[in-house]
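Please treat every number below as a calculation from the coordinates, not as lab data. Being a predicted model, the structure only gives us computed values, none of them experimental. Methodologically, a virtual Cβ is constructed for each residue, glycine included, from the backbone with ideal geometry; neighbour enumeration extends over all protein chains shown.
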Amino acid sequence: MKNFLLTLVSFLMVVVFTTNISAQDKSNKKIVIHRYLVERSFPDGLKIPVNMEGSKISLNVVSTNA
């Protein structure tokens, strides 16, 4: 279950951070803002509980990064 949650969070982060955001400024020129994925290793793990509390923690991280 722990591996599943980490995989799910990783997948969501990849989706969020690999998309481009485009907008238009006042002169109607298209502006592209690139997003980058930062990968980190945690040799001792993240110690996120595998329960609803851990799910809320993971969703909070994903929401903050979005």
- Taking a crude spin-label model, label points 7 Å out from Cα along the C-beta direction, the Ser10 to Tyr36 distance in nm is 2.1
- Could you give the length gained on full extension between Lys47 and Lys29, defined as 0.36 nm per residue of separation minus the Cα-Cα distance, in nm? 1.9 nm
